[in-house]
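The values are calculated or read from the model by the stated rules, or taken from the named source; none is laboratory data. Small disclaimer: the values here were computed from a predicted structure and weren't measured. Methodologically, a virtual Cβ is constructed for each residue, glycine included, from the backbone with ideal geometry; neighbour enumeration extends over all protein chains shown.
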């Protein structure tokens with residue numbers, strides 16, 4: 001099971017009960033951050049999330065509301081005597097920022113900070129381990145900006161317990177069955193793979209897209225993901241502002257979700273000019289029913 | 001009337017309901033910040049303080065918990081279309097930090113940011129206008145650190161209304177009386193200055209001292225202030241930690257307050273290791289009765 005927690009849902013400037021961009025993705029035993037606006041460490045404390053479990057941080061772009069919380073978070077990790085390295089991904093300039101901070105605040109860290117500069121004009125794999133891959137792809141904003149996808153790998157099936165029971169399956173067959181072969185026993189009986197295996201889980205995927213103007217190609221990058229976060233700074237009635245500032249409306253986000261045939265859509269990054277978020281909900285749902293309005297502290301299982 | 005609002009009271013790392021260092025001083029129609037830890041802008045919003053009224057920011061030292069909120073606050077001021085310049089005071093490195101941010105986040109500001117580097121080994125006046133002066137003085141910490149004093153100017157007395165009434169005082173005499181002269185009327189009657197004037201307010205003073213180890217000279221710098229904020233990271237039972245980390249205990253803070261004969265003492269900057277702050281209160285009050293424990297959002301009139 002994976003859980004997304006909304007740590008902030010406000011655009012540009014914070015508002016009462018709306019902090020700045022950051023989503024926490026929790027997996028089995030560890031977690032990763034998407035963006036790290038100012039105050040992210042406070043939100044982690046508020047929502048009782050363990051700071052030391054964060055293994056990766058993905059920064060979309062270098063506007064302050066998306067990364068000003070990085071300095072404080074890393075500093076707190078040091079104060080808590082973290083020793084495990086951390087991997088931070090983001091556009092050109094991220095390394096300079098971290099180096100400038102280190103030079104000025106002369107803090108240093110108790111652990112290695114591995115900075116990975118993302119630089120791609122298409123969808124590219126930027127990280128991979130046994131369990132999942134991370135992809136980055138360009139968004140359309142006033143500065144270099146990337147969206148990210150967490151893609152769990154296809155899990156090998158389990159052999160059904162009822163089949164293993166009372167049957168003396170040679171050890172070398174276990175991997176062969178898990179890899180898709182039919183099983184043939186010592187007297188030549190054939191057992192079809194699909195009858196003797198079961199997939200307990202389907203691989204999960206989550207896409208994080210902010211900040212961006214509407215562009216149709218985005219729907220190809222995030223095709224079929226389980227959970228799509230797409231910024232929705234404005235309502236369609238303020239579409240001129242969205243275009244001028246290279247942001248999206250609730251309708252834009254919903255249209256991308258529909259084109260991409262995603263399972264569920266989360267909208268957020270709301271402009272502080274709107275007090276009531278129910279209009280975002282309504283507007284998006286007329287286009288894409290399975291929409292969730294990001295509110296602070298909201299947890300979404302997927 | 002002046003009001004201090006405690007925006008943060010935690011040392012180094014934040015804790016639940018304990019944000020990072022920042023005090024807001026509100027005066028007639030404008031305000032100034034002492035330190036600006038991460039999340040200061042959120043606290044200003046929480047406690048309904050107007051961000052555009054801040055005219056000056058005084059940074060004590062370049063440890064993250066005292067200045068990482070500056071970037072976001074300035075950025076928000078720009079988003080709110082501030083045009084009035086702001087004056088920021090702090091040690092060497094502050095300018096580099098702001099320039100690095102500007103280069104990387106390529107944000108720019110809608111207003112002038114005037115950075116004033118403080119560099120003094122004694123108590124020096126660093127700012128003055130018609131109403132008040134600001135002094136800086138060195139503290140004793142692991143990096144270059146300054147304390148600050150806000151000192152209201154001695155207000156000229158008012159001429160008693162009962163004396164002005166029905167008496168034809170020549171216009172040129174008004175300033176002479178306000179400046180301390182006795183009044184002599186056209187027939188030679190002398191009216192002693194003290195009998196015909198009244199001081200409505202006594203000039204107020206506030207000192208902000210964090211982070212610092214105990215050193216007796218500090219009591220000379222802050223002699224007789226109305227309100228002294230002195231850090232108190234530890235309890236005396238952890239005095240070894242205080243000494244090793246160049247911080248103070250509640251007893252240290254109270255001893256400085258006593259030596260300096262201040263009116264009231266505020267203690268804060270508590271280590272996150274302490275859950276209950278009542279021990280700080282008790283410890284300080286055994287030495288200096290008029291002690292206030294800084295809690296988030298606390299407002300102190302002086």
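Quick check on my filter: what residues within region B:130-141 are modelled with pLDDT of 95 or more, over 13 Å from the mean Cα position of the chain (by Cα) and either assigned to a loop (DSSP other than H, G, I, E, B) or surrounded by fewer than 20 Cβ atoms within 10 Å (Cβ to Cβ) (or both)?
B:139, B:140, B:141
Go through region A:212-234 and report how many residues are closer than 22 Å to residue A:13 by Cβ and in a strand (DSSP E or B). If you could, list the steps in order and put the result at the bottom.
Looking only at region A:212-234, we keep the residues that are closer than 22 Å to residue A:13 by Cβ, and these are A:212-213, A:229-234.
With the extra rule that they be in a strand (DSSP E or B), the set shrinks to A:229-231, A:234.
So the answer is 4.
Which numbered condition in (1) touching a helix residue (DSSP H, G or I) at 6+ places or on another chain (Cβ under 8 Å); (2) on the phi < 0 side of the Ramachandran plot is the only one that residue B:226 fails?
(1)
Take the residues of region B:29-49 that are farther than 27 Å from residue A:45 by Cβ and without any contact (Cβ under 8 Å) to a residue 60 or more places away in the chain: which is surrounded by the fewest Cβ atoms within 10 Å (Cβ to Cβ)?
Checked region B:29-49; the qualifying residue surrounded by the fewest Cβ atoms within 10 Å (Cβ to Cβ) is B:29.
For region A:81-110, give me each residue that is loosely packed, with under 15 Cβ neighbours inside 10 Å, touching a helix residue (DSSP H, G or I) at 6+ places or on another chain (Cβ under 9 Å), at negative phi and part of a loop (DSSP other than H, G, I, E, B).
Those that are loosely packed, with under 15 Cβ neighbours inside 10 Å, touching a helix residue (DSSP H, G or I) at 6+ places or on another chain (Cβ under 9 Å), at negative phi and part of a loop (DSSP other than H, G, I, E, B): A:84, A:110.
Name every residue in region B:142-157 that is assigned to a loop (DSSP other than H, G, I, E, B) and either within 14 Å of chain A (Cβ to nearest Cβ) or in contact (Cβ under 8 Å) with a residue 40 or more places away in the chain (or both), in order of residue number.
First pass over region B:142-157, keeping only residues assigned to a loop (DSSP other than H, G, I, E, B): B:142-145, B:153-157.
Scanning region B:142-157 gives B:142, B:143, B:144, B:145, B:153, B:154, B:155, B:157.
Considering only region B:11-23, state which residues are within 10 Å of chain A (Cβ to nearest Cβ) and not in a loop (DSSP other than H, G, I, E, B).
Result: B:15, B:18, B:20.
Got a number for residues in region B:30-49 being more than 12 Å from every other protein chain (Cβ to nearest Cβ) and part of a loop (DSSP other than H, G, I, E, B)?
Looking only at that region, the number is 3.
Kindly indicate which of B:61, B:52 is closer than 24 Å to residue B:132 by Cβ and within 11 Å of another protein chain (Cβ to nearest Cβ).
Values: B:52 fails: within 11 Å of another protein chain (Cβ to nearest Cβ).
It is B:61.
Working only within region A:100-118, note down all residues that are within 12 Å of chain B (Cβ to nearest Cβ) and within 15 Å of residue A:87 (Cα to Cα).
Correct list: A:109 only.
Could you check residue A:145 against (1) modelled with pLDDT under 90; (2) surrounded by 17 or more Cβ atoms within 10 Å (Cβ to Cβ) and say which number it fails?
Here residue A:145 clears every test but (1).
Could you please let me know if residue B:72 is within 13 Å of another protein chain (Cβ to nearest Cβ) and under 26 Å from residue A:92 (Cα atoms)?
Against the criterion (within 13 Å of another protein chain (Cβ to nearest Cβ) and under 26 Å from residue A:92 (Cα atoms)), residue B:72 qualifies.
Does residue B:161 satisfy the condition of being surrounded by fewer than 13 Cβ atoms within 10 Å (Cβ to Cβ), more than 13 Å from every other protein chain (Cβ to nearest Cβ) and in contact with a strand residue (DSSP E or B) (Cβ under 7 Å, 6 or more places away or on another chain)?
Criteria not met by residue B:161.
So if I check each of A:215, A:183, which one is in contact with a strand residue (DSSP E or B) (Cβ under 7 Å, 6 or more places away or on another chain) and surrounded by 13 or more Cβ atoms within 10 Å (Cβ to Cβ)? Lay out the reasoning, then the answer.
On the way: A:215 fails: in contact with a strand residue (DSSP E or B) (Cβ under 7 Å, 6 or more places away or on another chain).
None of the others qualify; the one that does is A:183.
Taking only region A:1-10 into account, find how many residues are farther than 23 Å from residue A:155 by Cβ and away from chain B (no Cβ under 14 Å). I'd like the intermediate steps shown before the answer.
Going residue by residue through region A:1-10, those that are farther than 23 Å from residue A:155 by Cβ are A:5-10.
This time we only want the ones that are away from chain B (no Cβ under 14 Å), so: A:5-6.
Result for region A:1-10: 2.
Output the helices (runs of 4 or more DSSP H) that fall wholly within region A:235-299 and possess 2 or more residues being under 23 Å from the mean Cα position of the chain (by Cα) and over 26 Å from residue A:203 (Cβ atoms), or say none.
A:250-260, A:278-287
Could you list, in sequence order, the residues of region B:237-271 that are farther than 22 Å from residue B:299 by Cα and either crowded, with 17+ Cβ neighbours inside 10 Å or not assigned by TED's automatic domain parsing to the domain that holds residue B:146 (or both)?
B:238, B:242, B:245, B:246, B:247, B:248, B:249, B:251, B:252, B:255, B:256, B:260
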